[in-house]
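The values are calculated or read from the model by the stated rules, or taken from the named source; none is laboratory data. Bear in mind that the values here come from a model prediction, so they are computed numbers and not experimental data. We place every Cβ from the backbone using ideal geometry, glycine too, and count neighbours over all the protein chains shown.
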Amino acid sequence: MLFDLDGTLIDSAPDLARAANALRADRGLEPLPLSQYRPHGGSGARGMLAQAFGLRPGDAGYEPSKQEFLDRYAQLMFDSTQPFPGVVAQLARLRASGLAMGVVTNKAERFALPLVAALALGIEVVVGGDSTAHVKPHPAPLLEAARRLGLPAASCLYVGDDERDIVAGRAAGMATAAAAWGYLGVGADCQDWQADLLLPTPGDLLKALGVA
């Protein structure tokens, strides 16, 4: 079992939004509502800066703003972030059933590793956005996670809340599941992603695997 992190296992959007609004405050701007940031939670700094300032990679000022955002996020990333309801219990059931588990995220290791540990997810294999030469939707991070687990890619199921997760899983030769409770993205319909499984809630994964 492999999982995306933000929007799949954990709800980090409130802290990501707070970091973006802190930068807005530094510039004398009013905060934006969490509802505007939330659909972009899976895109990290890129998504937050696009909403907060209309900045995108390649724009003048994007890179220093990105570093400023990441430094601010590092200060508060534990404040409000929590696993989605039911996730910890479901992971415990999966672990008890003998399934090996890992996280594959585009979040940098400096954030992903301490968050997974602090939230007691019980997952030891964590592949971050800087763990390999590529990020999702490239399959390399997923293949690295399978390697660390000592498993063939074809024996893995990857669960994520963004279309790039499904694209990456398919490219890696893995089965895929769309986490419909996640951030998904503005206007996204996860039924269009052609995942092998569509999961309305975390508990539906157990049902699909026959361990509920």
Unique residue being modelled with pLDDT of 95 or more and farther than 30 Å from residue 208 by Cα when the list is 13, 20
20
Just one of the numbered conditions (1) assigned to a helix (DSSP H, G or I); (2) among the aromatic types (Phe, Trp, Tyr); (3) in contact (Cβ under 8 Å) with a residue 60 or more places away in the chain is not true of residue 73; which one?
(3)
From 55, 32, 49, 76, residue being over 24 Å from residue 141 (Cβ atoms) and buried (at least 20 other Cβ atoms within 10 Å of the Cβ):
55
